[in-house]
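The structure appears right after this line, and notes come after that.
The values are calculated or read from the model by the stated rules, or taken from the named source; none is laboratory data. Just so you know, these numbers come straight off a predicted model, no measurement behind them. FYI the Cβ positions are ideal-geometry reconstructions off the backbone, even for glycines, and counts take in every protein chain you see. All accessible areas refer to the heavy atoms of the entire protein, side chains included, with ligands and DNA or RNA removed. Shrake-Rupley method; radii C 1.70, N 1.55, O 1.52, S 1.80 Å.
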Amino acid sequence: MFIYTAVSFVTLFIKKASIIDTILDVTFISAFIFTDFDKLKYFSLLYLFPLFFSGFTFESRQAYSVLILAIFEYSFLFFMYSEQHSSGYLHLILNLFAFWIITFAGLRLKKDLQIQQAYINRLEEEKNRQKFIKNFIESVQNLLMK
């Protein structure tokens, strides 16, 4: 807990989030759930926040590595606490599927926003080009009128 707090405090002064922050978040959530898996296994929803933001913030390779870490840690806790019964496996499968879907959603949103930003940039360039042409034509007309 102290290591997590110290590293999180230090990274507050770094302007850009790093993958270390996200890995620490996933590990902290696992440690939190580890304290009492039977009562806290429903807090696995907390994994969705760092997974989504890792997909939205980092490259796909890094986002998928955080996903693999979350899957490994949650599966480890699941098997360590012997939750191997039919409803336990259903929870495991649903959680792992949700982990994958939310990471994919973050990556997809990032891609869509990049495409939209490129489109906006093209529109701005076209607007500036049209404005330049208009100003050029007006200045030529003014020169011809004199």
message: Residue under question is Ile101, and the condition is that it be surrounded by 10 or more Cβ atoms within 10 Å (Cβ to Cβ) and within 17 Å of Val26 (Cβ to Cβ); does it hold?
response: yes
- prompt: Counting only residues that are farther than 22 Å from Asp36 by Cβ and charged (D, E, K, R), which one in the stretch 54-98 is surrounded by the most Cβ atoms within 10 Å (Cβ to Cβ)?
  reply: Glu59
query: Before we move on, is Asn135 polar (S, T, N, Q), within 30 Å of Thr35 (Cα to Cα), open to solvent by less than 90 Å² (accessible area, probe 1.4 Å) and in a helix (DSSP H, G or I)?
result: no
field: Selection within the stretch 34-59 - in a helix (DSSP H, G or I), over 15 Å from Ile101 (Cβ atoms) and either at pLDDT 80 or above or of a type in the set (Asp, Glu) (or both)
entry: Asp38, Leu46, Thr57
